[in-house]
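Working notes for the structure below.
Just so it is clear, none of the values below were taken in a lab; they were calculated from the coordinates. Just so you know, these numbers come straight off a predicted model, no measurement behind them. Heads up, the Cβs are rebuilt from the backbone with ideal geometry, glycines too, and the neighbour counts pull from every protein chain shown.
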Amino acid sequence: MGRFRIGGSLRSHWTVWIALFLLSGLFQLLGWVERLRFDRELLEQGHLLLLFSSQLVHLNWPHWALNMAGMAMIALLFGRYGSALYWSWVAFISALAVGIGLWWLNPELRWYVGLSGALHGLMIAGIFQEMRVNRLAGGFLLLAIVGKLAWEQIGGAMPSSERLIEGRVVVDSHLYGALGGVLAAALWWALRNRFIGSRS
């Protein structure tokens, strides 16, 4: 029998990036930032969807454009390494990690918007894929992203970034998203190896 593929027929990874681009752009155009943002008061009332929707809205168009540029870089560098299902899984777990992390570990945070936390998860998962093909390049990229995260935890966000988006960068979201990316990649490969091993 042939090998079982978790990715199924959802092979075009571009569908994920295009969907994120269109959804976030549409929400920005409609001005739904306050409606969809992470709002602690509303979350306490049970509006749990805000844990996810908050990451598809942005402070302003420069904030949106900055995140879309980051997403495009991830898609171009690593997109070919996974199916649409794989990247959807990583995006979901990374976004969930950001939402829960901010809710649980940052009680002082009243509201939050932006995709950058989940993008760090997607980046980490992509780097892990790169390391399977080119260990040296992947290792260098991993050191770079870990160094960035460490710098942000110690010194905070770069002032140029905050000036560009005209708001505060919540660097903890980057850390939570990256950890979500690690978890998503690990779970994916554990399940993949289990199913492939049982059907090969």
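Observations on the structure shown:
- Per-residue 3J(HN,Hα) values for segment 84-97, derived from phi via the Karplus relation 6.51 cos²θ - 1.76 cosθ + 1.60 with θ = phi - 60°, read 4, 5, 4, 5, 5, 4, 5, 4, 5, 5, 5, 5, 4, 5 Hz in sequence order (x marks Gly and Pro).
- The Cα-based radius of gyration of segment 14-199, divided by its Kirkwood radius, gives an Rg/Rh of 0.97.
- Most mobile listed residue (Ala72, Ala184, Ala97) in the chain, GNM with C-alpha springs under 10 Å: Ala72
- Structure-based [θ]222 nm, the chain - -39500 (n - 2.57) summed over DSSP H runs of at least 4, per residue, nearest 500: -23500 deg cm²/dmol
- Part-to-part distance (alpha-carbon centres) for segment 12-49 and segment 123-200, which is given in Å: 21 Å
- Kirkwood Rh, Cα atoms: Rg over Rh of segment 105-180: 1.02
- Checking every one of the chymotrypsin sites (Phe, Trp or Tyr not before Pro) in segment 62-111 against DSSP loop status and a limit of 15 other Cβ atoms within 10 Å picks out no site at all.
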